1. May I ask you to rank Met137, Met302 by accessible area, largest first, using a 1.4 Å probe over the protein chains only?
2. Just to confirm my understanding: which cysteines in the chain have no other cysteine beta carbon less than 4.7 Å from their beta carbon?
3. Taking only C-alpha pairs under 8 Å that are 6+ residues apart, what is the relative contact order of the chain in percent?
4. Among Tyr430, Gly453, His277, which residue has its Cα furthest toward the positive end of the charge dipole of the chain, with +1 on Lys/Arg Cβ and -1 on Asp/Glu Cβ?
5. Roughly how far apart, in whole Å, are the Cα centres of the stretch 59-126 and the stretch 236-303?
6. Using helices alone, I'd like the mean residue ellipticity at 222 nm for the chain: each DSSP H run of four-plus residues gives -39500 (n - 2.57), total over residue count, nearest 500.
7. Please report the relative contact order for the stretch 248-377, taking Cα pairs under 8 Å with a sequence separation of at least 6, and give it as a percent rounded to a whole number.
8. Net charge within 13 Å of Asp330 by Cβ-Cβ distance, Lys/Arg positive one each and Asp/Glu negative one each, not counting Asp330 itself?
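The values are calculated or read from the model by the stated rules, or taken from the named source; none is laboratory data. Keep in mind the model is a prediction, meaning the values are calculated, not measured. Please note: Cβ atoms are built from the backbone with ideal geometry, for glycine as well, and neighbour counts cover all protein chains shown. Only protein heavy atoms, including side chains, enter the accessible area calculation; ligands, DNA and RNA are left aside. Shrake-Rupley method; radii C 1.70, N 1.55, O 1.52, S 1.80 Å.
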Amino acid sequence: MSDIETLPETAPKRVFIKTYGCQMNVYDSDRMADALAPHGYLPTHEIAEADLVLLNTCHIREKASEKVFSELGRLKELQGEKRAAGGDMMIGVAGCVAQAEGEEIARRAPVVDLVFGPQAYHRLPDMLEKAQGQRHMHPALKKAVIDTDFPEEDKFEHLPAARKEVTIKRGLTAFLTVQEGCDKFCSFCVVPYTRGAEVSRPVAQVLAEARGLVEAGVKEITLLGQNVNAYHGLDAAGRSVGLGELAFLLAEIEGLERLRYTTSHPRDMDDALLAAHRDLPLLMPYLHLPVQSGSDRILKAMNRRHTAAEYLSLIERIKAARPDMALSGDFIVGFPGETDADFEDTLTIIRETGYASAYSFKYSTRPGTPGANLTDQIAEEVKTERLYRLQELVNKQTADFHASCVGRTLPVLIERVGRMPGQVGGRSPYLQAVHLDGSTDLIGAIHEVEIVGTSTNSLVGRLKQAAAA
Ligand code: SAM
Ligand code: SF4
């Protein structure tokens, strides 16, 4: 969450935002904090001192709503304790569970004051005011304020104003959402329903936000979107600009040293984006490009709209553009109808691609998606066994990739103090965590670091020279 350095004079209140799920929710939580700051709410990491608690939820996998309801149970107790001590606390549910189950949340958990979806967080201060107006009503009359509309207006237009009134301290790295929603309709996925149709932010708006972040000290920006490489924002002339061209425009911002983006769909990796990887040193050689399965039959049932061979030939083209590209992926095991042979095809594509990292999940039925109507569900123990085997393979590839870096000198953006005294830590171009002995003066710049060893999830380095570009 953002830290606020300069506070509005009337700033007695505290907001605690608990973020579930992906980076897009992390970005959204920061924007909610931005929207609330001018209204006197400062972020806190201590839930006990919060006047407002917001749960920014994720609906991507099962049990998401149950987790939210059990959290709400705990918050109800906390609210009771605060009231007994003469205080109070408001509670809001945001994000994709709120979008999917708005009324149901208000019905099952009357403790909730606000329910709002991802398209409504710029209206948070208004909603809060309405909800505050109800605080003193009889519980039987009080109603949660619910906003799960997909509005016509551009929420991003309404948000950054907050930063003019407070100085938000950014870290060295920041997320920047450029695209939201998805039109792909993979048969397992709720995103097109909870986040809506694909929408790209205009180029000028993205560039202005990026410049603002760099002015605030950010050196590395990760562009976000549910399907980020489908980005097609309009420029001032009304021309559609793709992610590759956007990367070239962002590269012109002085002081921006690193650029990343996530998450991409294989079908949207176009030539302009490959050219950006070939020509822009600031575009980091790490690409999260989920394939989900290596079986053409399952890819078709998932509605991924490409084959395993097409994915592999895309990987070849990507590596031709940027030979040191490290790849990451997402995999689902146990999609309905997945046979042992289909699963073996998934292990094969993993072996052929060679991943630096990967996320893997057991298929879970998401109500409302086409996958939910499929009957040939896979037994839980089969999913568990397949997930274990897949993760064993990926973990070995990750360890091999880390080991291949030993002896190399990598530019590391040093971001923080390390876990051990006298250590600092940062990230390699391939998004690996790197720890090294060094003074805190190193924090804030990219330094050349010789990689001398590995530990489970990170690299161990030694400073090569004082500072490098
Ligand atoms: N847009 C990205 C793409 O095309 O791959 C993925 C976005 S999704 C938020 C993140 C990951 O969650 C997916 O790549 C998929 O592996 C996983 N996921 C989504 N729905 C799932 C489901 N019903 N069961 C298991 N995993 C799921
Ligand atoms: Fe979901 Fe990604 Fe498929 Fe869109 S492309 S439906 S976000 S998995």
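1. Met137, Met302
2. Cys22, Cys58, Cys96, Cys182, Cys405
3. Contact order relative to length: 10 percent.
4. Farthest along the dipole direction, towards plus: Gly453.
5. So the two Cα centres are separated by 35 Å.
6. -10500 deg cm²/dmol
7. 25
8. Overall, the nearby charge balance is +3.
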